[in-house]
1. Suppose we consider the axis relating copy A to copy C; can you name the residue of A with the nearest Cβ and state that distance in angstrom as an integer?
2. Among the listed pairs B:Lys141/B:Lys391; A:Lys128/A:Lys163; B:Lys128/B:Lys391; B:Lys95/B:Lys115; B:Lys391/C:Lys115, which have their C-alpha atoms separated by more than 21 angstrom in this model?
3. Restricting things to alpha carbons, tell me how big region B:120-279 is in terms of Rg and Dmax, in Å.
4. How large is the accessible surface per residue of region C:1-157, computed with a 1.4 Å probe and reported in Å² as a whole number?
5. Between C:Arg85 and C:Ser3, what's the calculated FRET efficiency when r is the beta-carbon distance and R0 is 56 Å? Round to 0.05.
6. Mean Kyte-Doolittle hydropathy of 0.0 or higher plus an axial Cα length of 24 Å or more: which whole DSSP H helices in chain C meet both?
7. Starting from 0.36 nm per residue, how many nanometres of slack lie between A:Ala426 and A:Arg339 once their C-alpha separation is accounted for?
8. Sorted by average packing, counted as other Cβ atoms within 10 angstrom per residue and highest first, what order do B:115-122, B:153-160 take?
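The values are calculated or read from the model by the stated rules, or taken from the named source; none is laboratory data. Please read these numbers as outputs of a predicted model, since none were measured by experiment. Neighbour counts run over all protein chains shown; Cβ positions are idealised from the backbone, glycine included. When the accessible area is computed, the model is the full protein with side chains, heavy atoms only, and any ligands, DNA or RNA have been set aside. Shrake-Rupley method; radii C 1.70, N 1.55, O 1.52, S 1.80 Å.
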Amino acid sequence: MLSAEENRLLTRVGPGTPMGTLLRRFWLPALVTPEIPEPDGPPLRLRLLGEDLVAFRDTDGGVGILDAYCPHRRAHLFWGRNEERGLRCAYHGWKFDVAGRCTDMPSEPATSLFKDKIRQTSYPTREKGGVVWVYMGPPDKQPASLPRLEWLEAPDGYQHVTKWLQRTNWAQGMEGEIDTAHISFLHSSRTKYAHRLVHTAFADPKRNEARKDGAPRLSYQEAPYGFTYGARRDAGDDEYYWRVTRWLYPFFSLIPQVPGAPLVVSGRCWVPVDDYHTWTFGYLAREDRPFQADEIDLIMHGAAFPPRLSWGRYELPDGYIIDTSLPVANRDNDYLIDRQMQREVNYTGIYGANEQDRAIQEAMGTIVDRSREHLGSSDIAIVAARRLLIKMARALEAGQEPEVVTNPGAYNVRAIDTFSGHAQLADLLAELDATLGVARFS
Amino acid sequence: MLSAEENRLLTRVGPGTPMGTLLRRFWLPALVTPEIPEPDGPPLRLRLLGEDLVAFRDTDGGVGILDAYCPHRRAHLFWGRNEERGLRCAYHGWKFDVAGRCTDMPSEPATSLFKDKIRQTSYPTREKGGVVWVYMGPPDKQPASLPRLEWLEAPDGYQHVTKWLQRTNWAQGMEGEIDTAHISFLHSSRTKYAHRLVHTAFADPKRNEARKDGAPRLSYQEAPYGFTYGARRDAGDDEYYWRVTRWLYPFFSLIPQVPGAPLVVSGRCWVPVDDYHTWTFGYLAREDRPFQADEIDLIMHGAAFPPRLSWGRYELPDGYIIDTSLPVANRDNDYLIDRQMQREVNYTGIYGANEQDRAIQEAMGTIVDRSREHLGSSDIAIVAARRLLIKMARALEAGQEPEVVTNPGAYNVRAIDTFSGHAQLADLLAELDATLGVARFS
Amino acid sequence: MLSAEENRLLTRVGPGTPMGTLLRRFWLPALVTPEIPEPDGPPLRLRLLGEDLVAFRDTDGGVGILDAYCPHRRAHLFWGRNEERGLRCAYHGWKFDVAGRCTDMPSEPATSLFKDKIRQTSYPTREKGGVVWVYMGPPDKQPASLPRLEWLEAPDGYQHVTKWLQRTNWAQGMEGEIDTAHISFLHSSRTKYAHRLVHTAFADPKRNEARKDGAPRLSYQEAPYGFTYGARRDAGDDEYYWRVTRWLYPFFSLIPQVPGAPLVVSGRCWVPVDDYHTWTFGYLAREDRPFQADEIDLIMHGAAFPPRLSWGRYELPDGYIIDTSLPVANRDNDYLIDRQMQREVNYTGIYGANEQDRAIQEAMGTIVDRSREHLGSSDIAIVAARRLLIKMARALEAGQEPEVVTNPGAYNVRAIDTFSGHAQLADLLAELDATLGVARFS
């Protein structure tokens, strides 16, 4: 459990909050490339870390992310014309480039110098791995490189990234992600629905047998990128079955894949829209070849991550509208729960894995009251992530910059799923990190 | 009128409020049996007195009402599996019985003692008369018996109970219920729509004639169960026409039925969902035989109480979702008002009696501003109910327990509709309470 | 820009606020006649200046505007029966006339004197020019006459007035109205869609050529009624093209019409529903003859003002319901923006001029943060209107009554669209006010 004050510190991300300040030291995923596909296409409304923004891809293909409101009279730039290297406000024609410079101000006399005094807030972006990244912190602290995550380093098409809206605080999603124990319950018995890409993993009889143990022994070990935690289950007298997950600052997961399965990377990250909404980015990668169209169809079918999605506009409770991918099964339709399915087919009566997660996480309330929890031994990864983030945010308040942002190579790791003898986690990592645990694309 | 402070005291029912504390001394109707029909069936989300709860009927047929949120990580137990004498949380499989004991904790090692330290908040329930009753107060104050209301004591099937959501504070509904004067206006001219069960009453020409007097003389008299109030109208030179209604702590009504009519009990009670929403329970009873299917169809047709209903989920303004019966004609469709009907058929242009009541009560605002009323002589029952409840809540704050909760036999009364000579209320009661005024089933 | 305090002063209009007090010194448009067409017809829910009201047309044709809530027990009078010179509450039959007198109280004994002590808050109304006007200020300050606006003075049928809901504070709409510069951008290229009534103006090649200058020189001059501001554009070497707009206290506009066009008056006013919603009244007038049915059809088609409308009920965010005209293209459907239309046909991809305005104004937020603006030379009319209103509200706080309310003849002006030599605004007005600038109907 957390005190009310710690819970606030963990969850609040607006400008000036300790956690918001920390997150603004990182490059953050903001959009997936297909949301904003073409130069001079329609702009898009978004909110990140509580800030209202507009995104557009300009004539040269670069993506601008600007304060949503024109500095003149606060018209929303979403209504604007995206044309000739800039987004032109529909109200009086003021035009801004991706760097926030006002490049045209036709409502003032041609001789006016007013234009040069105007600078719209803009945030630098990079595009890689199918993701538009944004940096929202102080310019002099901007990390030179994106984190060297394996799925980012993979050749184009070897990774597949999706984004969708979750209606909770970001930490709730992130905690669910690293909660190993729930797999044996919430997601159990879903063999029938799992898509073929992950089918191999679930069809391995030895692993399936071992996974039935819903109370694995958990160990964890800090690392420069965050921490590793391993779930150890007995697999006969002579062997442990280890699933070793990576948690990377500030909110990335790498979930173990079965050796030999097509997927080598699967994970999620949790980017705060505001204190009450989160964009989940789900990323997959294979190392052998690009994903094929029929595989992408399978992925989009909704059995695991992403859920079934529809593109749409969404009005946040305070009235601000964002353009985003929305899960088809959501809290407004009780995630299409089917109690007959719950009795006969799977644990929940809810179809897909992310739908199951969101059903749980969204019904906790948008910010769960962590002062009323009763954590057990299965919760050590959650405890660790909270502790490290709070510690890092407080250190930054005291003037100590987070080291990991200037160490992109630290992200060069892979999650592990393996059988071993009776080694403990530290030994296992010492042994494996040079082989199984190293990302290939890095 | 009430002062703002008195209004607050009367209407606020959350934990720790004076009125909330008082209501928690009583057995309260929580559900009607058909909402939760079968052992091991789907759980149901509810809120009572501002507390978020989950209800389930276990394998043995008992009904559990628990805090909605799993004590582990605050997953909502609505997603859970209702199986083998307990509700199992869908997140990590923790299982709770109807008493809130954690009977299984599969996410922890089998040797763990953690399970025994966990106790989910649970409230005792009883089921009688088609209603699941709950007690939400301190265990040592739990009344031994349910109130001996006539419709509760009647044999199975002799009573019919329904429940539906009203979108106001509970006191607004309760006050409308005991407001005798409005019958002559709001509900007048609805002969055409009254269903056959109550038809006899409204078709009695002598009563109909007497009821045209919209300003009856009201008297009231306190009693151990609450109070009686009588509306007296002239019925010729030699006679009074008396309608004597019972108001029973803390929120039950008994409305007079015409002697010889099939119905012997009709009334409502007003159970707070939270400060802004209320479940109305409507109860009917006959003494001759069980209700037949065609009579129940008539009741459900919506002319009086209940209104036309549809079963559904309802999102409260704070985002919490409850499973409940919802009136088809409601504030979102202006209660299907028909101004032509208002000109030609009835007083309001709204079809059913409860629909008429809700139109009035919901448009007052969720908590009416009682400091701006101008009460007249027709409002003495309302004034009395407020005064008694506020007095009882303040006495409890001062340490004086409400006596009526340990006196279930006090509820053994019936409402009266009769002609008499020129007796006053006290005389009438002295004369009649031993005959007409006594419940048969008790 | 305004300070946060000035912004509050400008925008808050509830009882007791400085701006609310100022607006209550004026006769205000409340309804258009067709909303409340017939004697003894259905009452109508409205809110004005944050006050919840009910309007009804009584048997004699007069319009009553009363506090919405019956003084007895706070039932909403909308449910009432409008009959025989009064609105009768549906709850207990209390009846009120247009002056708020309780003329019948059938729930009390006939001998009761209670009725005479009851007086419902009512506001005086007048009906003229297709508009029901209301005065909500202190009785002793009530202006004797309505403002002598040209469209009000015109014979019946020579004017056409519509009303619709805008989901922003009133000042946002009013500022957009007097913002000359945005015409050249937001509303440009809409020739194709402009309806025939205004077609002449837009089809004049010399004017169209001159209007391409998006940065006209603005001048402004105060006047007893408010102020005049002129937008001056070069029209060849020897000539200026002047568009001279009138802004009249507290929120009326008169927009210049081209000489010889059928329309001689076009303008809007912005009546606060509450701090977050506004009724726009749009008025048009011609001087030659009444509008014909096909012309009204054209006006209602939505190319300019009004937008396409549907009659309906609207639930305000605090739950209060009003009966009003609602724009078909609105923030819930992104004003039906069509990005293809934006690329090929007009500046915004939004069809009508008011739809374009509302898209801009509503997406600013319901109360725009004026402390974050960067105003340029094109914004002098906006700056002037704010300054005059704030000054007048503060003067009234200090005891100085607004003079204009007792000077209805001051409103006897017309906006001007003309070519001239190289005269400045003051000269132009000196020259023209006696001819082009004087309203004919006055």
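1. Looking at chain A's Cβ atoms against the axis toward C, the nearest is A:Pro317, 6.
2. Values: B:Lys141/B:Lys391 19 Å; A:Lys128/A:Lys163 15 Å; B:Lys128/B:Lys391 30 Å; B:Lys95/B:Lys115 10 Å; B:Lys391/C:Lys115 31 Å.
As for pairs spanning more than 21 Å Cα to Cα, those are B:Lys128/B:Lys391; B:Lys391/C:Lys115.
3. Answer for region B:120-279, Rg first and Dmax second: 17.9, 65 Å.
4. Working: 5400 Å² over 157 residues.
Ligands and nucleic acids excluded, the result is 34 Å² per residue.
5. Values: r = 50 Å, r/R0 = 0.90.
With R0 = 56 Å, the Cβ-Cβ based efficiency is 0.65.
6. Numbers: long enough: C:380-397 (25 Å, 1.06).
Membrane-span-like by this criterion, though nothing is claimed about a membrane: C:380-397.
7. The span from A:Ala426 to A:Arg339 would gain 27.0 nm if fully extended.
8. Numbers: B:115-122: 15.2, B:153-160: 18.2.
Output ranking for B:115-122, B:153-160: B:153-160, B:115-122.
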